[in-house]
Amino acid sequence: KSIGMGYASGKIILMGEHSVVYGEPAIAFPFSGTGIQATIRKHKLESWIESSFFHGPLSEAPTTMRNVTILLWYLVKHFKIPEPFYLKVESSIPAERGMGSSAAVAVAITRAVFDWMEEPTTQKNVLYFVNQAEAVAHGNPSGIDATTISGTEPILYQKEIGFQPFQLNMDAYLVVADTGIKGQTRKAVRDIAKLMELRPRETAKQIKSLGRLTQQAQQAILKNQPHILGDCMNQAQGLLRLLGTSNRHLDHLIETALNHEALGAKLTGGGRGGCMIALAENETSGRQLQQILLAAGARNTWIEGLGVYAHV
Ligand code: PMV
């Protein structure tokens, strides 16, 4: 085959970021609003990367792209892919905003290589390679990003236990807004680990409460109770704030959403910037929220009907 192509969407964590690192459950879904397309083919002189982030010889890729270079090393070794190659990565996922862009880059590249080599892809064999890249990008990843993005359905995820498909089917809309500020997942995860050392009892209690809120949210979704889900989101945000993962940009958008009829609002993903999510009762109020959040300084917004997954 002369060319290999692979696509991956972004992801949204509805409930359970950070506590998922400590074994608590989390709910996440692949987010079709954004995605990454990777294309790979033979090249003449040397292996080359073409992306908005970096374009040039693979040998000169910056250290911030170590997740990609390590992934490529594994893929080259495993598939004996013809070198030199030309790899193009086109992304509509804002980087470092809690939408799992690093996992999506890895999934898209891995799928492109599988396609090029005409190997059948399963979620399991894609994940094997993606996890290598995520360990570099994240330090101590729970695996939720890679698992969500390499799949097609909303999931309930628990570290070590794995994931189960989850019917995210509810009469409500989720608005996603990007603060435009780069999140700091790696640092936020490390800082919570430090809190765990400094204030073990209090921090462990907060992490447990986040886990319990995810379970309550799960029940609310099963019973189609958007108001209760919204309440769980608000309580989770309070705890995430106490754990130091929010910031004033997120707080501002969250407060704005709550002042304009959102049923609940919280950060999503690593925090310290990145994106927030707000639950809206119907599409009209969701679209209004989008406008209000843009006027309040959001860089970009998206809307997702939570009923759309009903028949996946
Ligand atoms: O910021 P993102 O999109 O990489 O999401 C990170 C989610 C965390 O729970 C904070 C970390 C993890 O590994 O689960």
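Model label sites at D171 and R299, defined 7 Å from Cα along the beta-carbon direction, differ in position by 3.7 nm. Given +1 at the Cβ of Lys and Arg, -1 at the Cβ of Asp and Glu and no other charges, the dipole of the range 6-104 around its Cα centre is 360 debye to the nearest 20. Relative to the longest principal axis of the Cα atoms of the chain, the long axis of helix 66-79 lies at roughly 50 degrees. For the residues K77, K88, a 1.4 Å probe over the protein chains yields an accessible-area ranking, largest first, of K77, K88.
With the simple model of a label 7 Å out from the Cα in the direction of the Cβ, D191 to K77 spans 3.5 nm.
Peptide packing for 66-73, 254-261, 189-196 was compared via the average number of neighbouring C-beta atoms within 10 Å per residue; ordered from the highest value, the list is 66-73, 254-261, 189-196. Here K266 is the anchor, and the lysines within straight C-alpha reach of less than 20 Å, apart from those fewer than 8 places off in the same chain, are K11, K182, K187, K205, K208.
Compute the angle between helix 101-116 and the longest alpha-carbon principal axis of the chain, please, reported from 0 to 90 degrees and rounded to the nearest 10. Computed tilt is about 40 degrees. Starting from the Cα of K44, step 7 Å toward the Cβ, then list every residue of the range 79-93 with an amide N under 15 Å from that point. Under cut-off, by backbone N: 84-86.
Rounded to the nearest 20 debye, the dipole size of the range 173-305 about its Cα centre is 740 debye, using +1 on the Cβ of Lys and Arg and -1 on the Cβ of Asp and Glu. Put a dot 7 Å past the Cα of A135, heading toward its Cβ, do the same for L258, and the two dots end up 4.0 nm apart. Protection proxy ranking of 48-57, 228-237, 11-20, by the mean of other Cβ atoms within 10 Å over each peptide's residues and highest first, is 11-20, 228-237, 48-57.
Quick check on the chain: what does the Kirkwood estimate of hydrodynamic radius come out to from the alpha carbon pairs, in Å? Here the Kirkwood hydrodynamic radius works out to 19.7 Å.
The values are calculated or read from the model by the stated rules, or taken from the named source; none is laboratory data. Worth saying up front: this structure is predicted, and the values here are computed from it rather than measured. Glycine also receives a Cβ, built like all others from the backbone with ideal geometry; neighbour counts cover every protein chain displayed. These accessible areas exclude ligands, DNA and RNA; they are computed on the full protein's heavy atoms, side chains included. Shrake-Rupley method; radii C 1.70, N 1.55, O 1.52, S 1.80 Å.
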